[in-house]
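The values are calculated or read from the model by the stated rules, or taken from the named source; none is laboratory data. Computed from a predicted structure; not experimentally measured. Neighbour counts run over all protein chains shown; Cβ positions are idealised from the backbone, glycine included.
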Amino acid sequence: MRRRWKPGSRPKGRQQGHRKPAPDRAHASLSPSADRRLKAVFRQIGIPEPQPFQPDPFQLEALEWIQQADCLVSAPTGSGKTWIAVQAIRRILESGGRSWYASPLKALSNAKYREFSELFGADRVGILTGDRKENPQAPIIVGTTEILRNQLYDAMHHGETIDTDFVVLDEAHYLGDEDRGVVWEETMIYLPSRVPILMLSATIGNAAEIAAWLESIRGRPCSVVLETKRPVPLVPLFFHPSGKLMPLLGSVEVTPRSRISGVIVKWMKTDGSRSLGRALPPLGEILRVLETFDLLPAIFFLKSRLDCDRAIGLCASEPLTDALQKRRIRERLRELAGNNPHLSKHRQGWEIVHLGVASHHGGQLPAWKIVVESLMTEGMLKAVFATSTVAAGVNFPARTVVFLNTDRFNGREFLPLTPTEFHQMTGRAGRRGMDKIGFAISIPGPYLDPLLYAKLVTASPSDVQSQLKIDFSMVLNLLLSHTPDRIEDLLERSFAAFSHRKGVPKGGEAHPHFLTELVESFRKHFDFLQEADFANPDGSLTEDGLWASRLRIDHPVEIAAGFRMGIFPDADAGLLAAMVAVFVAERETGEMLNRRILPENLVRAFHKMRRGLRPFLAFMRSRGFDAKKLEIGPSAVIYAWASGMEWDEVVKLSEMTDGDVVMLVLRTADNLRHIRTLDAVFPAIARAADDALKLLLREPVTMDDF
């Protein structure tokens, strides 16, 4: 059972060894208080009594439907959607069938693999994520949606049907993800109609439209099961700068017609500029207020990774005072870290043990994030400071979520939170079977719009829009098994085309010629492949096109062109990895590096590749395609790691965070795995790619202990 933090005695002064930051003089001390209307609400706080599990009606309804139709389940985060999948998979298993469980994240796939191995037996479950390939012939496969899509490519190419009898698409609202939604859409289009699909999604506004589209292309019914009620009631609160907790809305109970409290509106007009400061607020004081009313543990959603790391230092004014509790945390941290020095000596270990708080974001080592998740799940932390990405796929238990901003960084810019994003984040407050009630607290500041926050609380879920776009990897793989005319027919069957026929605008703008532009984009890519001698005019692939189609990566034609010209090193695994890294980096790093410290062989290999590819890249640009800008920075980082440099030195060289370097290594490794499949055509390069994987995939990049 999860332990809960209870209000306790406060330290009278600074204790020896605690690194207490200078107080914010403008609001050095908050006075914990609460609106009288919250008295009855706070009495409901607690852990519900254990009861025999009883499935909800929507779970039983979905389980019934999936026996006779496809099924899309749209339900709040934490409502128990996985239970439906488990029961359906069990039925398939008992009948001798095979199941595929696809998720958007490798971390989530790893977690489901562990969960399903315990439920069904390790011998019956396999995992395929690119990073991991274990027991691939098992009757239950867990993996990423990209791997499932690639298996469908292979099946179509060989004129076969995919070897599964049931598919679960978890987090199906990823269909609308700007970067990866195309993979979900392709998967839904290519799956044979004999294979029933169970789609599990956060609440979305146009579930019926998605179901109608699937019925139109698969020729079988698709039932929508909607559940709008949260399994644990949510109470939205407003944190007044004085330290007083107030109902956010005019009434404690949330209804679609609820509006922001008039008291808060009045405060915004008079004292709204006197929030808790432009920098991070006094988080230690805020924790003290939350602890006073038994609102911990909490997840604080902050604007940036840097803010998350700074936040834990601001909690030094509220250290843990229970020696037994600190000893328990220290022992558990030691168990989780094991012999991994990157974990046991982590710079945030002190704060976890002495303050009971941690940060969690994409800039950290994946293994460290799992340590934090484990400690939070086991009730050992008061709070975690996280970016909004923690809302997707990480099962943090928390009584309260705290918002300091109403926008979210999408990798390029800050945009206002959508209702779906907001509901995913608040879905972490109050978990089924763990809480009687959950809380979402807004803290006023320069990045939080109280009016928008109030609208998000009562907003209907967002619609999912198609993100289908054409790329070279898609075209090469479709040409393996389809004529150009047939591919245009496939585009006609896309969700994008369906939506426009129904008058639903892509991205919210009227675009009546969207399908025409989609077809024209395909033809543009096809024409280029012909000019570059990867495809023939009749739509068949040339010999080069056949092997290039196996490069299911972001820049297949650029790398394939380099292989054709023999400009990639094949005798040095580290150098090959370094050159491939250029094509996976999402940000330019070359100008940050001191070129004089780079190894001469690396510089020579890079310039050979860049000179060799320059005409081809210019040719791509002349045909209207964005060609990859080649920078030496990623090469230097990967070569240093592949050459045996210590991790801390590699991170220092890169001027990136641990997590970003890990991502660069893993994406490079993923490209190398695809290159490794070209052993029949480029045996030396394939061997070098295999050797490079061994150089790259070691601690702390890998997480063998997890």
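Any idea which of (1) modelled with pLDDT of 95 or more; (2) part of a loop (DSSP other than H, G, I, E, B) is the one L602 doesn't satisfy?
(2)
Within the group L108, L119, which residue is at negative phi, modelled with pLDDT under 95, among the aliphatic types (A, V, I, L, M) and not in a strand (DSSP E or B)?
Working: L119 fails: modelled with pLDDT under 95.
Testing whether each residue is at negative phi, modelled with pLDDT under 95, among the aliphatic types (A, V, I, L, M) and not in a strand (DSSP E or B) leaves just L108.
Out of curiosity, is A85 within 26 Å of D131 (Cα to Cα) and part of a helix (DSSP H, G or I)? Please lay out each step first, then the result.
Details: within 26 Å of D131 (Cα to Cα): yes; part of a helix (DSSP H, G or I): yes.
Yes; evaluated as a whole, the condition is true for this residue.
From M656, M645, grab the single residue that is in a loop (DSSP other than H, G, I, E, B) and either buried (at least 21 other Cβ atoms within 10 Å of the Cβ) or in contact with a His (Cβ under 6 Å, 6 or more places away or on another chain) (or both). Let's see the steps before the verdict.
On the way: M645 fails: either buried (at least 21 other Cβ atoms within 10 Å of the Cβ) or in contact with a His (Cβ under 6 Å, 6 or more places away or on another chain) (or both).
Only one candidate qualifies: M656.
Within the range 144-180, track down each residue that is in a helix (DSSP H, G or I), more than 26 Å from T483 (Cβ to Cβ) and not hydroxyl-bearing (S, T, Y).
First, the residues of the range 144-180 that are in a helix (DSSP H, G or I): 145-157, 172-176.
If we keep only those that are more than 26 Å from T483 (Cβ to Cβ) as well, we get 145, 147, 172-176.
Residues satisfying the conditions are I147, A172, H173, L175, G176.
Does any residue of the range 401-412 turn out to be touching a strand residue (DSSP E or B) at 6+ places or on another chain (Cβ under 7 Å), on the phi > 0 side of the Ramachandran plot and not in a strand (DSSP E or B)?
If we filter the range 401-412 for residues that are touching a strand residue (DSSP E or B) at 6+ places or on another chain (Cβ under 7 Å), which is where we start, we get 401-408.
Within this subset, residues satisfying the condition of being on the phi > 0 side of the Ramachandran plot are none.
Within the range 401-412, none of the residues are touching a strand residue (DSSP E or B) at 6+ places or on another chain (Cβ under 7 Å), on the phi > 0 side of the Ramachandran plot and not in a strand (DSSP E or B).
Just to be sure I understand the filter: pairs with C-beta atoms under 8 Å, separated by 6 or more residues or on different chains, first member in the range 248-277 and under 22 Å from L30 (Cβ atoms), second member among the polar types (S, T, N, Q) and at pLDDT 75 or above. Which pairs pass?
Final answer for the pair search is L248/S261; L248/S442.
Restricting attention to the range 213-231, and to residues there that are of a type in the set (D, E, K, R) and closer than 30 Å to I437 by Cα, which single residue is surrounded by the fewest Cβ atoms within 10 Å (Cβ to Cβ)? Quick ask: steps written out before the conclusion?
Pass one, the range 213-231, residues of a type in the set (D, E, K, R): 215, 218, 220, 227, 229-230.
Next, only the ones that are closer than 30 Å to I437 by Cα stay: 227, 229-230.
Numbers: E227: 20, K229: 10, R230: 21.
Going through the qualifying residues, I end up with K229.
Limited to the range 676-694, what total is found for residues that are over 19 Å from G644 (Cα atoms) and touching an Asp or Glu at 6+ places or on another chain (Cβ under 6 Å)? Let's see the steps before the verdict.
Keep residues of the range 676-694 that are over 19 Å from G644 (Cα atoms), which gives 676-687.
Next, only the ones that are touching an Asp or Glu at 6+ places or on another chain (Cβ under 6 Å) stay: 676, 684-686.
So the count comes out to 4.
Only residues that are of a type outside the set (G, A, S) and in contact with a Pro (Cβ under 7 Å, 6 or more places away or on another chain): list them for the range 39-72, please.
As a first pass, look at the range 39-72 and keep what is of a type outside the set (G, A, S): 39, 41-45, 47-61, 63-68, 70-72.
I66, D70 - these are the residues of the range 39-72 that are of a type outside the set (G, A, S) and in contact with a Pro (Cβ under 7 Å, 6 or more places away or on another chain).
Taking R288 and the conditions (1) surrounded by fewer than 16 Cβ atoms within 10 Å (Cβ to Cβ); (2) more than 30 Å from E209 (Cβ to Cβ); (3) of a type in the set (D, E, K, R), which numbered condition does it fall short on, given that it satisfies the others?
Result: R288 passes all but (1).
Tell me whether the range 363-370 contains one or more residues that are at pLDDT 95 or above and crowded, with 23+ Cβ neighbours inside 10 Å.
The first filter runs over the range 363-370 and keeps only residues at pLDDT 95 or above, leaving none.
Looking for residues that are at pLDDT 95 or above and crowded, with 23+ Cβ neighbours inside 10 Å, one finds none in the range 363-370, hence no.
Quick one: is T389 within 15 Å of E373 (Cβ to Cβ) and surrounded by fewer than 24 Cβ atoms within 10 Å (Cβ to Cβ)?
Working: within 15 Å of E373 (Cβ to Cβ): yes; surrounded by fewer than 24 Cβ atoms within 10 Å (Cβ to Cβ): yes.
The answer is yes for T389.
Under 7 Å by Cβ, and 6 or more places apart or on different chains, what pairs join a residue from the range 610-624 that is part of a helix (DSSP H, G or I) with one that is exposed (fewer than 15 other Cβ atoms within 10 Å of the Cβ)?
Close Cβ pairs (under 7 Å, with a partner that is exposed (fewer than 15 other Cβ atoms within 10 Å of the Cβ)) amount to G612/M565.
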